[in-house]
1. Read through the labelled values [x] 31.8, 107; [y] 33.2, 111; [z] 31.0, 93 and report the label of the one computed as Rg and Dmax of the Cα atoms in Å from the structure.
2. Antiparallel versus total DSSP beta bridges in the chain: what percent is that, nearest 5?
3. Once both axes come from the Cα atoms, what is the angle between helix 717-734 and the longest principal axis of the chain, in degrees from 0 to 90, rounded to 10?
4. Could you tell me whether the stretch 489-572 comes out rounded, prolate or oblate from its Cα gyration tensor? Rule is a ≥ b ≥ c as square roots of the eigenvalues, rounded for a/c under 1.5, then prolate if a/b exceeds b/c, otherwise oblate.
5. Taking Cα atoms, how many degrees apart are the long axis of helix 514-530 and the longest axis of the chain, rounded to 10 and kept between 0 and 90?
6. Averaging sequence separations of C-alpha pairs under 8 Å and six or more residues apart, then dividing by the length of the stretch 680-753, give the relative contact order as a whole percent.
7. Tell me, what HN-Hα J-couplings in whole Hz come from the Karplus equation 6.51 cos²θ - 1.76 cosθ + 1.60 at θ = phi - 60° for each residue of the stretch 410-423, using x for Gly and Pro?
8. Grab the stretch 709-776 and count how many Lys pairs have their alpha-carbon atoms under 30 Å apart, sequence gap of 8 or more, or different chains.
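The values are calculated or read from the model by the stated rules, or taken from the named source; none is laboratory data. What you are looking at is a predicted structure, and each value in this text was computed from that prediction instead of being measured. We place every Cβ from the backbone using ideal geometry, glycine too, and count neighbours over all the protein chains shown. Remember, those area values only see protein heavy atoms, side chains included, never the ligands or the DNA or RNA. Shrake-Rupley method; radii C 1.70, N 1.55, O 1.52, S 1.80 Å.
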Amino acid sequence: MMSRSYTNLLDLASGNFPVMGPVRERKRLTRVMTVPGVVSELDDDQANSVNSDVHSSVNQDRIIIVANQLPVKAKRGPDNKGWSFNWDDYSLLLQLKDGLPEEMEVLYVGSLKIDVDINEQDEVSSVLLEKFKCVPAFLPPEIFNKFYHGFCKQHLWSLFHYMLPYSANHGGRFDRSLWEAYVAANKIFSQRVIEVINPEDDYIWIHDYHLMVLPTFLRRRFNRLRMGFFLHSPFPSSEIYRTSPVREEILKALLNSDLIGFHTFDYARHFLSCCSRMLGLEYQSKRGYIGLEYYGRTIGIKIMPVGVHMEQIESALRVADKESRIHEFKQKFDGKTVLLGVDDMDVFKGVNLKLLAMEQMLKQHPKWQGRAVLVQITNPARGRGKDLEDTQAEIQASCKRINEMFGKPGYEPIVFIDRPISLTERVAYYTIAECVVVTAVRDGMNLTPYEYIACRQGVSESASSSESNGPKKSKLVVSEFIGCSPSLSGAIRVNPWNFEATAEAMNEAISMADAETQLQHEKHYRYVSSHDVAFWSHSFFQDMERTCKDHFRRRCWGIGLSFGFRVVALDPNFRKLSIDHIESVYVRSKNRAILLDYDGTVMPQTSHNKTPNAEVISIVNRLLGDTKNTVFVVSGRGKESLDKWFSPCKKLGIAAEHGYFMRWSSDDKWEVCGPNSEFRWKQIAEPVMRLYTEATDGSSIETKESALVWHHRDADPSFGSSQAKEMLDHLESVLANEPVTVKSGQFIIDVKPQGVSKGVVAEKVFTTMAESGKQADFVLCIGDDRSDEEMFEIISSAISSGILSSNTSVFACTVGQKPSKAKYYLDDPAEVINMLEALADASDPGSFTDTESDISL
C-alpha cells in the first residue's frame, strides 16, 4: 500500500505542485539539432508516458549536462535593460568539456544565479541557447527558496555532512513542504531537458545533490535513456542516511541512472550499504567494475575523484608572476613561515579548529612565535542560518584572541581574509606558502591541496620565483574526512577534532627536511597533473558508454508508481513465461517431466511456516493425477521434512539434499545417489562453521545427513555477507583434500559431497523416462537460486546427447528477473502457483489412476 504521506510523482508529473502555487506555462524551446531533421514537440500526454521512446532522425552523439547552475555569468545591461552573458571559466561544468570527445556537442541545462523577470525569460532562453548552448530552468521564487535554501541546504547538505536535527534549533526538523518544492524543482529541470533531448543519441550527465530525483522523471519519459549521475558531496553512512524520512525515494530515484559516480570508495561503500539494507540489493565486482543488479538493469558505480584544471592554474601563475603578485607577497611575509588555509565560510570547513590548532602550536612550540603566520582565506558563504552566523562569530573571536595573545608590532600570527579573491591572488598565496592546512570536518572533495601542489610546481617560464629552477617542495596537513585525502599518501592526515594533534602535525610539516618534502611533492604532482579534470570527465564518460552499450538491444518497460517507478530491462531472449502459451503446449504433449524447486519457488523465502498449504498439495496431486506427468520436487532440504510435508502426494518424486537422496514415489525406498562416504569431513567443517556462527549474530548451522549448511539471512546484511565470503575461503582451504564441494547461495554456504547436484537429478529423470520408452516431449523446470541453474544447464546437454529430443518443448524458468541460464522467468512464488494451477486445470482427469507410475528405478 502506498503511503499517502509521500508526494505522488504522478501528480507532480501532471504539474500539480502541492502548496507551491501555479507555474507559468512557458514557450517550448525548439529542439536543438546537430544535422537537419524534424522532431515533433512533446505534448503533455507524451511526456507522461512511461513506455514511449521517441525516435529521431539525428544520428550523432551529444551530451546534455544538467546541474543546479549554468556555467555562465549574467550582468544587467545599461539602464537596467536587457542582459549580457559570458562563460564562467572557473565552473567545473565548463572545464569538464576538455575530457569529452572533440566532436561531441555539449548542451547545458541549469538555472541562473540571477532572477529574470517572467516577461524576459523567453528572450533570455533564446539568447543562451543560440550563443552558449545553454537551456535555463527558471524556478519561481516560492519554489526556489524552499528548494535551494530549504531542502538542499537545510536537509540534504546537513544530512550528507553528518549533521542531524536533534533539536528544532539544530538544523531544523524535516519539513514536507520543502521536499515537495525539491521534487517540483526537479520536475521543472526535467521539462527543460525533455524540450531539447534526442533520446536515441544523447547522453545525460546530472550533477550533485540538488537533482537527485531528476533521473526518475527522465527515465519515466525515456526508458532507454543513457544517463549518469555524479555526487560531488559526501554520501553518509547508512546509520545517518536512514534517518531521512525520504530515504527510499531518493535511493530509488538515483537507481534510475545508468552510472552513479562518487569521489571516494567510502562514499560509494556507504551508498551500496544503504541499497543493501533498505532495498536488499547486493553489488558485484567484475573485472574492476562495480555493478548493482536492479530489475534486469546493471547500474554502474564509478569511483573517481575530480581533479583541477592544470592549464587554468598555470595561466593564473603566469598572470600572477607578470603582475608581480608573488613578489609582493614574498616581500610582505619576508622572514616568515606561511601556513595557508583556503576554505568556504561553512560550518563543516573546520576553520575555527584550524585556528585553535595554530594557537596550540604557538603555545607548545614558542620558537614559531613571531615567525609562523597562518593566512586564512574564507570565500563568501553560500548558505545562511543561525549555525553559519555562530560559526562566523566564533572565527572572528578566535582571530582576535590569538592576535592579541601572540601579536606584536609588525607581526600578526593570523591574517584573516574574509572577502572574495581572484584566482591570480589565490595562486600567489599558494606559491609563497610553506604548508597548506585543511581541517574540514566533512567535505566531499576539496581541491585546495591539488591547487597548492600545482602552484608549488610552478611554470617553467616563470622567472620571478627563486625556486623556479630549483627543487620543488610542498607540505600538506589534511583532514582525514575530506575526499582528496586518500589520493595524497604523502600528506600528514589528521583528525581535525583533535586540534592538539593537528598542532603537532603543523609543526612537523613546517619542520620537515627538504629532501623528504621534495619526494612527497614529486609523487603528489605526478598524480595531480595526470588526474586532472579532463581525465576525470573522460573516465566517467567512458564508463557511461560501457554501461549503456546494450540499451537499445534490450527490451525495457516501466513499472511502479510515484518514486517506486523503475525500468525493467531484459535480454531479448529472456522473457516472462506466458501461462496461455505453456498451457497450450502442455495439453498437446504426451510425456511430461515437471521439476520443481521448493524454497523460493513454490514456497516464499520469507515465509516462517515452510509447510506447503492445502492449495499447493491439491495442485501437486492434480498434476500427479494425469498419467502423462512425472513430477519431482528437487530441493536442498532434508528427506524427513520433505517426506512429511508431501505425505499426501503418494506419487510425487522427491530429490532431497540437492539429489543425494532420491525416490520416485512414497512407496519406493530412498536411494543414495551420491558417493558412499562416512562424512568424516563434517568433523573438519562443523567446527569452522561453529566459529563463524558464534561470531555472527543471526546466523545458524543446518545439519543434514549429507551436507552442512550455514545460514546468514537473519544476520546483519553487510557483516553476514562479509563473514560468508571469509568462511567460503576458509572451508575451501581446510577441505581441499576432501571429496566435497563448497558453494555459496542465497544467504547460505553449502558443503556437500562431490557429484551431487540438481543437474544430476534432472539428467537421471530424463534418462529413466527415455529408457522406459517415455521420452519427455515436455519439460518444465522451475527454480530460484544458483543450485537450480545446474538443472537449466543440463537440459541443453540432454538434448545434445539425445536423452531429450530436439523437438522437446522446454520451459526452463527462474523465479525473479535476474541473470540466468533459464529462458523464462516468473516474478514470484505466487505466479508459480498460478501457473501450476493452470496446468493442473488443463490436466486430463480421465487419466487419473491409483496405481503407481510404471517408471521406477
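1. From the options [x] 31.8, 107; [y] 33.2, 111; [z] 31.0, 93, the structure gives [y].
2. On the way: 39 of 111 bridges.
In the chain, approximately 35 percent of DSSP beta bridges are antiparallel ones.
3. 60 degrees
4. Details: a/c = 6.48, a/b = 2.32, b/c = 2.79.
Oblate, since a/c reaches 1.5 and b/c is not below a/b.
5. 60 degrees
6. Contact order relative to length: 32 percent.
7. Once rounded to whole Hz, the list reads x, 9, 10, x, 10, 10, 9, 10, 10, 7, x, 10, 6, 4.
8. 9
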